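One structure is given here, and the rest of the page talks about it.
The values are calculated or read from the model by the stated rules, or taken from the named source; none is laboratory data. These figures come from a predicted structure and were not determined experimentally. Here the Cβ is made from the backbone with ideal geometry for all residues, glycine too, and neighbour counts use every protein chain on show. SASA here: full protein model, heavy atoms, side chains in, ligands and nucleic acids out. Shrake-Rupley method; radii C 1.70, N 1.55, O 1.52, S 1.80 Å.
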Amino acid sequence: MSAGSTSTSGLDPIAFPPTPMSISDLTSIPSSSSSLLSSSAAPTEAVLFSSGNPRIEETRGVMHLYRDITPPSATSTSTSTSSSVILPIGRKPLVCVLAVPNHMTYADFCKFCGSFIQHMLEMRIVRIDGVDEQYSVIIRFDEQSFTDDFYKHFNRKRFSSLEEDICCVRYTVDVQQTESIERAQSSVSSSADCPVCLERLDQDKDSGGILTTICNHSFHCSCISKWTDSSCPVCRYCQQQAESTCSICGQSENLWLCVICGFVGCGRYKEGHAVRHWKETQHCYSLELETQRVWDYVGDNYVHRLIQSKTDGKLVEISGDQQDEISRTCDCDEDLSEALLNSKVEAIVEEYNNLLTSQLENQRKHFESLLLEIKEGNDKEIDEAVEKALHAKLPKLQLKLNKAIEEKTFLEEINKNLLENQEMWEEKIRKAEKREQISTRLKDLKIKQLEEQLSALIAQIESVTTDGPTNSAVSEIKNATVITLPSANNNTGETSGKEEGN
């Protein structure tokens with residue numbers, strides 16, 4: 001690790017260089033401009049910031065910002081006029097957007113800026129010291145008028161209508177780099193081309209300027225706006241870093257990562273959950289997150305390089321003396337050295353594949369056993385639940401069954417009685433029908449006799465009326481007997497009475 005301190009020279013407030021923005025490229029006000037600001041009595045404040053991947057290279061600096069002296073009522077509505085917003089004297093087309101939530105990706109922020117993105121020459125993502133959940137964006141515009149419009153439009157405006165985070169825009173006096181710390185050699189080389197479109201990083205209106213991520217990689221704004229992830233497209237460094245903790249107790253120190261399944265546990269000097277994980281799963285290789293070294297629980301030591309033994313096929317660690325001996329042997333012949341090197345590479349690849357295969361097989365068996373245990377536990381719980389439910393509902397069901405049996409018996413008795421009554425009433429109906437038939441025949445017979453008598457009587461009456469009554473007929477009529485019918489009306493009775501009188 002090496003640390004160095006650099007100083008930035010004064011740059012013209014407007015004439016920025018057309019190269020990708022670095023910390024030294026950001027504006028540093030010369031002495032004449034500083035005297036102008038002091039004469040205007042504009043209040044400023046110094047804010048410490050940092051950028052870069054902390055594991056590879058980190059850049060620290062300080063930026064001087066104008067304080068926001070605009071009254072809150074002036075920017076509370078979107079209809080505020082330019083006269084109601086107080087702008088600092090001697091300002092430059094350089095602003096800093098503070099307190100941007102980490103969940104906002106680069107594409108989200110570019111979308112939030114809207115049409116102003118076409119007038120931004122450079123944007124740089126930085127961290128404010130002591131603020132982990134937010135990041136800041138230093139923006140340089142092509143003209144001062146667009147800078148002022150951006151400030152008036154977005155200052156104290158919500159990033160989203162669904163959130164309470166407020167956009168805080170500050171005019172920036174200058175940005176200075178104070179320290180550059182290099183912790184590891186980066187595998188990604190810096191280039192003047194955009195890693196997405198492979199075009200040169202020029203500040204033109206078509207691409208919408210240049211955006212430098214928090215890990216110091218630069219892109220065209222139009223290219224990075226299509227990247228919806230919060231990580232860098234080059235190094236995959238994420239601006240929203242999640243703090244690793246033990247999966248069991250939540251410890252944040254002395255953590256070990258299982259290289260087989262990714263389990264994070266604390267060391268044996270804390271709660272020992274990493275060792276317990278090895279005993280339960282037989283995953284013997286664990287990575288120490290602080291030093292990035294691999295520990296072998298079986299051999300109880302750090303493993304820097306594993307080889308497969310030809311005698312028993314086990315994985316062992318190669319010592320430093322063996323490596324030196326192999327190096328000295330290979331120095332005698334370049335062809336032999338290259339052949340041995342190739343064989344070593346092939347052996348390492350085969351060894352790694354065998355190791356990975358064995359560990360994956362162990363992991364498969366472990367998870368299959370876990371699935372079997374879970375299945376057995378679920379079956380047992382289901383059986384217990386069914387049995388419990390049966391015991392709970394059985395008395396109620398038995399009570400309902402007894403009640404249903406009683407109702408069935410009662411209905412069967414009623415049905416039997418109804419059937420018996422039905423036979424009795426059917427017999428009574430047959431007898432009544434028979435009596436009715438006999439009565440009908442007798443009645444028909446009587447009616448027939450009466451009709452015959454009536455016909456004879458009518459014939460005698462007509463003969464008497466036509467020929468006149470004879471003595472024998474008169475005597476017969478006098479001696480005749482009048483038969484009264486049950487259905488005869490009063491007129492018939494009166495007629496019979498008259499005939500007797502006659």
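Does Val126 fit the bill of being open to solvent by less than 10 Å² (accessible area, probe 1.4 Å) and in contact with a Lys or Arg (Cβ under 7 Å, 6 or more places away or on another chain)? Against the criterion (open to solvent by less than 10 Å² (accessible area, probe 1.4 Å) and in contact with a Lys or Arg (Cβ under 7 Å, 6 or more places away or on another chain)), Val126 does not qualify. Only one of the numbered conditions (1) at pLDDT 85 or above; (2) open to solvent by 50 Å² or more (accessible area, probe 1.4 Å); (3) in a loop (DSSP other than H, G, I, E, B) is violated by Thr178, and that is (3).
Table: residues versus (1) in contact with a Phe, Trp or Tyr (Cβ under 6 Å, 6 or more places away or on another chain); (2) open to solvent by 10 Å² or more (accessible area, probe 1.4 Å); (3) modelled with pLDDT under 90; (4) in a loop (DSSP other than H, G, I, E, B).
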| residue | (1), (2), (3), (4) |
| --- | --- |
| Gln118 | no, yes, yes, no |
| Asp132 | no, yes, yes, yes |
| Val137 | no, no, no, no |
| Glu163 | no, yes, yes, yes |
| Val169 | yes, no, no, no |
| Gln185 | no, yes, yes, yes |
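Looking at the range 354-374, is at least one residue over 30 Å from Trp278 (Cβ atoms), of a type in the set (Ser, Thr, Tyr) and modelled with pLDDT of 85 or more? Within the range 354-374, not a single residue is over 30 Å from Trp278 (Cβ atoms), of a type in the set (Ser, Thr, Tyr) and modelled with pLDDT of 85 or more.
So if I check each of Phe154, Phe159, Phe141, Phe109, which one is touching a Pro at 6+ places or on another chain (Cβ under 6 Å), open to solvent by less than 30 Å² (accessible area, probe 1.4 Å) and free of Cβ contacts under 8 Å to residues at least 60 places away in the same chain?
Details: Phe154 fails: touching a Pro at 6+ places or on another chain (Cβ under 6 Å); Phe159 fails: touching a Pro at 6+ places or on another chain (Cβ under 6 Å); Phe109 fails: touching a Pro at 6+ places or on another chain (Cβ under 6 Å).
Just a single option satisfies the conditions, and that option is Phe141.
Number of residues in the range 260-271 that are buried (at least 17 other Cβ atoms within 10 Å of the Cβ) and either in contact (Cβ under 8 Å) with a residue 60 or more places away in the chain or among the small types (Gly, Ala, Ser) (or both) equals 3. Restricting the range 272-297 to residues that are in a helix (DSSP H, G or I) and touching a helix residue (DSSP H, G or I) at 6+ places or on another chain (Cβ under 9 Å), the residue that is most open to solvent (accessible area, probe 1.4 Å) is Glu280.
Scanning the range 91-101 for residues being open to solvent by 10 Å² or more (accessible area, probe 1.4 Å) and either within 32 Å of the chain's Cα centre (by Cα) or at pLDDT below 85 (or both) gives a total of 2. Scan the range 378-398 and give yes if some residue there is within 60 Å of the chain's Cα centre (by Cα), closer than 30 Å to Ile260 by Cβ, free of Cβ contacts under 8 Å to residues at least 60 places away in the same chain and open to solvent by less than 100 Å² (accessible area, probe 1.4 Å), otherwise no. Within the range 378-398, one or more residues are within 60 Å of the chain's Cα centre (by Cα), closer than 30 Å to Ile260 by Cβ, free of Cβ contacts under 8 Å to residues at least 60 places away in the same chain and open to solvent by less than 100 Å² (accessible area, probe 1.4 Å).
Filter the range 204-215 for residues that are at pLDDT below 85 and in contact with a strand residue (DSSP E or B) (Cβ under 8 Å, 6 or more places away or on another chain) and give the result.
Listed by number, the residues that qualify are Ser207, Gly208, Gly209.
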